[in-house]
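Heads up, the thing below is written out as structure tokens.
The values are calculated or read from the model by the stated rules, or taken from the named source; none is laboratory data. As the structure is a prediction and not an experimental result, all values here were calculated from the model. We place every Cβ from the backbone using ideal geometry, glycine too, and count neighbours over all the protein chains shown.
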Amino acid sequence: MRRIALLLACLTTLPAQALDFRSVGTAAAILYDGPSTGSQQLFVVNRGFPLEVVTTHGKWGRVRDPVGKLAWIELDSLSATRTVLVRKASDAHLAADTASPVCAHVRAGVLLPYLGMSANGWARVRLPDQRTAYITLDALWGA
């Protein structure tokens, strides 16, 4: 019992680790079932597609896609420029507040440049017409 309590105490003092989201930076990138070009090719993703880097191994990254599937990608294919995937049709607001005016309606499946996060559960994004807007985090993947 003491060991369990000690383990729990140690785990609760560990710092929280931030999610490492990146976007595909090349025109297209292949996702593999292992960290090698000799591994089975699973699928291809296009430029701007957001992925969560779970771990790295040399020049390879193990990534999670928006539906939770894990795969491997060459890290050179990823960009530090982040995008988000709109998971469900959403209203984009002028400010990070539901009372703020709606400036656009964004369809599910749209990729948007990610500009940052506000403290109250909203992401700041760039719309296709280059305006800046806010969308709730629960409607996005990759933030």
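Here's the yes/no breakdown for (1) under 21 Å from Leu127 (Cβ atoms); (2) modelled with pLDDT of 95 or more:
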{"site": "Leu7", "(1), (2)": "no, no"}
{"site": "Leu19", "(1), (2)": "no, no"}
{"site": "Arg22", "(1), (2)": "no, yes"}
{"site": "Gly34", "(1), (2)": "no, yes"}
{"site": "Pro50", "(1), (2)": "yes, yes"}
{"site": "Ile73", "(1), (2)": "no, yes"}
{"site": "Ser77", "(1), (2)": "no, yes"}
{"site": "Ser90", "(1), (2)": "yes, yes"}
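Does any residue in the stretch 64-91 that is of a type in the set (Gly, Ala, Ser) come within less than 6 Å, Cβ to Cβ, of a residue that is surrounded by fewer than 21 Cβ atoms within 10 Å (Cβ to Cβ) and outside any strand (DSSP E or B) six or more places away or on a different chain, and which pairs are these?
Sorted first by the residue in the stretch 64-91, then by its partner, the pairs are Ser77/Thr26; Ser79/Gly25; Ala89/Arg107; Ala89/Ala108; Ser90/Ala139.
Need the failing condition index for Leu115 against (1) surrounded by fewer than 16 Cβ atoms within 10 Å (Cβ to Cβ); (2) among the aliphatic types (A, V, I, L, M); (3) in a loop (DSSP other than H, G, I, E, B); (4) in contact (Cβ under 8 Å) with a residue 12 or more places away in the chain, just the number.
If we test Leu115 against (1) surrounded by fewer than 16 Cβ atoms within 10 Å (Cβ to Cβ); (2) among the aliphatic types (A, V, I, L, M); (3) in a loop (DSSP other than H, G, I, E, B); (4) in contact (Cβ under 8 Å) with a residue 12 or more places away in the chain, just (3) comes out false.
If we keep just the residues of the stretch 99-111 that are over 15 Å from Val84 (Cβ atoms) and in contact with a Leu (Cβ under 7 Å, 6 or more places away or on another chain), which is surrounded by the fewest Cβ atoms within 10 Å (Cβ to Cβ)?
Per the criteria, the residue is Pro101.
Out of all the residues in the stretch 41-98, which are surrounded by 14 or more Cβ atoms within 10 Å (Cβ to Cβ), in a loop (DSSP other than H, G, I, E, B) and within 14 Å of the chain's Cα centre (by Cα)?
Listed by number, the residues that qualify are Arg47, Gly48, Phe49, Asp65, Pro66, Arg82, Arg87.
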